[in-house]
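Quick notes on the structure that follows.
Derivation of every value follows stated rules applied to the coordinates shown; laboratory data play no part. Everything numeric here is computed off the predicted structure, so don't read it as measured data. We place every Cβ from the backbone using ideal geometry, glycine too, and count neighbours over all the protein chains shown.
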Amino acid sequence: MKIVYLDDYTVHLEELDASRLFTLGDYTAYPRTSKEQIVERAAEADIILTNKVKLGEDILSQLPRLKYIGVTATGYNIIDIEAARKRNIIVTNAKNYSSMSVAQQTFAMILAFANRLAEHADPQKWVATPDFCYYDFTLTELAGKKLGLIGYGDIGKKVAQIAKAFEMEILVHKKTPMKEQEKGVTEVSLDEVLSQSDYLSLHCPLTPENEAFINKENISKMKKTAFLINTSRGGLIHESDLAEALNEEKIAGAALDVLTVEPPSADQPLLKAKNCKISPHIAWATLEARKKLMQIVIDNIEAFMAGSPKNVVS
């Protein structure tokens, strides 16, 4: 079978052991592929791998040999699933490969506000002070603080495990009620998680129902001392509303690993918003998570070739 990887730059394949992948068929990889290049590069492909290259009806209709699409990520909104089904094209994704890594990034962001390490990292300022220590920002303990989690899937549960070690109080709001009560976790309404949290962290998928739900109205329900963390999807936040709230100090700060448009434009309002920390969508990208991802991708292809596809989303 001919396998074409349209954007292998996303996983930095050179760092990973992908030797099994190279033996599965006639393999070709491209660092990046523009929309105009897809049909030419994938015309003879039986299998396409893609992370960010979108495959819509207009593209799929021009790829008659295509039998399988492996999305090298958990989210698969880049694929027109209905168009794939119509053509009997199997689409798979990779689940739960980065839960620990995203949870780790979530707490890196929380600790950035609690410990203010970056703000105190200039040794020359210490040299210049007559005192044994100095601190220009208030430092806080996490113990006893309320961590609100909106969404409680694999990642949310990992975040909660870490929070318990810090002796935080954990509030959870999720779409469907929890099946059983979990020690140290309190299920609450949306209004309660917004109004009570000292740190509010988003861990839910983006849907038409919750798009931009972190907006002016819901931000107004948060504490002025609260911090917002988003390692989920940028579209959950109304970005101009958040920028305004930060600049007017209606909440204390925000740390975001995702934005609605990535990469952002130079006029993205959050880039200059007060006390807003932004990382370039890296929560998933630890070496360990990318190794797990590639093994899942290879396992998915092998299962498809054996006639028993798994992690199917189409």
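A cut-off of 5 Å between modelled amide H atoms, ignoring neighbours fewer than 5 places along the same chain, links ALA255 with LEU228, ILE229, ASN230, LYS277.
Relative to the longest principal axis of the Cα atoms of the chain, the long axis of helix 99-115 lies at roughly 20 degrees. Calculated mean residue ellipticity at 222 nm for the chain: -8500 deg cm²/dmol, from DSSP H runs with n ≥ 4 weighted as -39500 (n - 2.57), summed, divided by the residue count and rounded to 500.
A simple rule links phi to the HN-Hα coupling: the Karplus curve 6.51 cos²θ - 1.76 cosθ + 1.60 with θ = phi - 60°, which for the stretch 278-283 gives 10, 10, x, 6, 10, 4 Hz, with x for Gly and Pro. Excluding residues on the same chain fewer than 8 positions from LYS164, give the lysines whose Cα lies under 18 Å from its Cα. Answer for LYS164, where 18 Å is the Cα cut-off: LYS145, LYS146, LYS183, listed by chain and number.
Within a straight-line Cα-Cα reach of under 14 Å, LYS179 can be paired with the following aspartates and glutamates, leaving aside sequence neighbours fewer than 8 residues apart in one chain: GLU187. The phi-based Karplus calculation (6.51 cos²θ - 1.76 cosθ + 1.60; θ = phi - 60°) puts the 3J(HN,Hα) values of the stretch 52-60 at 10, 6, 7, 10, x, 3, 4, 7, 4 Hz, whole numbers, x for Gly and Pro. Taking Cα atoms only, the orientation of helix 287-305 departs from the longest principal axis of the chain by about 30 degrees. For GLU187, the residues whose modelled amide H falls within less than 5 Å of its own, excluding neighbours fewer than 5 places apart on the same chain, are VAL172.
Checking every one of the GluC sites (Glu not before Pro) in the stretch 181-231 against DSSP loop status and a limit of 12 other Cβ atoms within 10 Å picks out GLU209.
Whole-Hz Karplus values for the stretch 184-199 come out as x, 10, 10, 7, 9, 6, 4, 4, 5, 5, 5, 7, 9, 6, 7, 10 Hz, taken residue by residue from phi with 6.51 cos²θ - 1.76 cosθ + 1.60 and θ = phi - 60°; glycine and proline positions read x. Remark: the chain projects, on average over all directions, an area of 19.2 nm² (convex hull of Cα atoms).
Under 18 Å of direct C-alpha separation, and excluding same-chain neighbours fewer than eight residues apart, LYS250 reaches these aspartates and glutamates: ASP191, GLU192, ASP198, GLU217, GLU239, ASP241.
This model, with +1 at the C-beta of Lys and Arg and -1 at the C-beta of Asp and Glu, gives the chain a dipole about its Cα centre of some 580 debye. Once backbone amide H atoms are built at 1.01 Å from N, ASN215 has HIS238 as its partners under 5 Å, excluding neighbours fewer than 5 places away on the same chain. Taking 28 Å as the limit for the C-alpha separation, the pairs LYS223/LYS291; LYS54/LYS310; LYS67/LYS292; LYS54/LYS272; LYS52/LYS274 exceed it in the case of LYS223/LYS291; LYS54/LYS272; LYS52/LYS274.
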